[in-house]
Amino acid sequence: MKIATWNIENIYYRHIDLVRKEWSWSLQRWMEEFENILRQDSKSESQISRLRELSFLMGINKIASRPYALMQRRGGRLFVKSFHRERLTEVNSDFHWQGWIRINNYPICQDAIQHKVKMIREEAPDILILQQVENRENLKDFVETYLKDKGYTGVYHFDTNTEKDLGFGLLLKDQIRLRSFQTHLDQKADFFKLFENDLQRYELETPSGPLLIYNTDFTSHYDKKSQIFRSRKSQAQRIANCLEKENPEVPVIFFGCLQTPRFCDSVQPITQLRGYSSILKHSGFRTERDGNYQSLGAYARGVNLRQSMYAIVNSKCFSRMEASGINRKAIYNKDNRVFTYDSIREEKDQASNHPLLWMRIP
């Protein structure tokens, strides 16, 4: 039985605030790429097109950057059209639902969607735990459109505390059942909600017996590093307390996108928890190694990729594990294309900034 986890970073669209934050992180890289293309004496048509795209991303070209549209009511139905500086109020019932409306989502390009599909089809896990899924409708459509032949009979989506479409998804193949689901949405810390997203516990019935899986995402809405650190540390400590209470005779798996390398003090309550081990430490861990390895905080020695995804299991599960691995083929890497799909030529084509982690137990 193959079990996998992946921060898919949404399926069809992504909240504009998350896109802007990712853009700010990528600005320096875009500037370097822009200058490199600009220095070339002759430029291909695709390079010229890329210059236009980079100029828009960096804010040089402001075309189509307004995050608003007009909503109008005609013949009893609502229509949305492009924004044209008309002096209208924000749409509401007092004005018969006519006016401007803010667009909060940014569409994900078709190439990126296809690479999400390719990644999942290539691994085809029996249990797939996803972070950052916008809604059940999109997840269900994604499975029915692209994964119908893979046998996922259980398709679940669970909302989280955030309003930025960062829900959790669960895909189960036949003969695997979800027996119970537990959320920690309303747990408090200093009068605030402890989990910015959520910590969810899934109790599964498999042909091999019961299996417990915890799932979380530490994507933060805070801007200050000190706030992010405190929030992450509090969440990690509560997760460690939950894991310690589980029956050691039942296989327990913790999956999480913790957004920081394992040496960070904020996640050490989880990474140093007694009785639990990372799947990366298993003798059957598989991955292709970088020849020029020099990364600090990577998933494993020889992997030049900053760690953000975690898969940690208790001793019962670790002893049963047959193999584990990491798939990073859907991540864009302009410096090393060896471990990337050939069809990913630009950053916008990548499926996600995170790799897929998997493990196999009987």
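The values are calculated or read from the model by the stated rules, or taken from the named source; none is laboratory data. Model, not experiment: these values are computed from the prediction. Here Cβ is always computed from backbone atoms with ideal geometry, including for glycine, and neighbour counts include all displayed protein chains.
Among residues belonging to segment 265-292 that are among the aliphatic types (A, V, I, L, M) and within 22 Å of the chain's Cα centre (by Cα), point out the one that is nearest to residue 322 (Cα to Cα). Restricting to residues being among the aliphatic types (A, V, I, L, M) and within 22 Å of the chain's Cα centre (by Cα), the top hit is 279. The single residue among 240, 236 that is buried (at least 21 other Cβ atoms within 10 Å of the Cβ) and of a type in the set (Gly, Ala, Ser) turns out to be 236. Each residue in segment 203-213 was checked for being in contact (Cβ under 8 Å) with a residue 40 or more places away in the chain and either outside any strand (DSSP E or B) or in contact with a Ser or Thr (Cβ under 8 Å, 6 or more places away or on another chain) (or both), and 2 of them qualify. Inspect segment 326-346 for any residue being in contact (Cβ under 8 Å) with a residue 12 or more places away in the chain, of a type in the set (A, V, I, L, M, F, W, C) and within 25 Å of residue 247 (Cβ to Cβ) and give the result as yes or no. There is no residue in segment 326-346 that is in contact (Cβ under 8 Å) with a residue 12 or more places away in the chain, of a type in the set (A, V, I, L, M, F, W, C) and within 25 Å of residue 247 (Cβ to Cβ).
The numbered conditions (1) touching a helix residue (DSSP H, G or I) at 6+ places or on another chain (Cβ under 6 Å); (2) not β-branched (Val, Ile, Thr); (3) not in a helix (DSSP H, G or I) are all true for residue 236 except (3).
Kindly establish whether residue 181 is closer than 13 Å to residue 312 by Cα, touching a strand residue (DSSP E or B) at 6+ places or on another chain (Cβ under 8 Å) and in a strand (DSSP E or B). No: the conditions fail for residue 181.
Residue 59 falls short on exactly one of the conditions (1) among the small types (Gly, Ala, Ser); (2) at pLDDT 80 or above; (3) surrounded by 10 or more Cβ atoms within 10 Å (Cβ to Cβ), and that condition is (2). For segment 121-140, the set of residues classified as in a helix (DSSP H, G or I), under 19 Å from residue 13 (Cα atoms) and in contact (Cβ under 8 Å) with a residue 40 or more places away in the chain consists of 138, 139, listed by residue number.
Comparison of 258, 273 shows that the only residue that is modelled with pLDDT of 95 or more, hydrophobic (A, V, I, L, M, F, W, C) and closer than 17 Å to residue 5 by Cβ is 258. Given the criteria at pLDDT 85 or above and among the β-branched types (Val, Ile, Thr), does residue 48 qualify? It is true that residue 48 is at pLDDT 85 or above and among the β-branched types (Val, Ile, Thr).
What number of residues within segment 221-240 satisfy the criterion of being within 21 Å of residue 311 (Cβ to Cβ) and touching a Ser or Thr at 6+ places or on another chain (Cβ under 9 Å)?
Total satisfying the criteria: 5.
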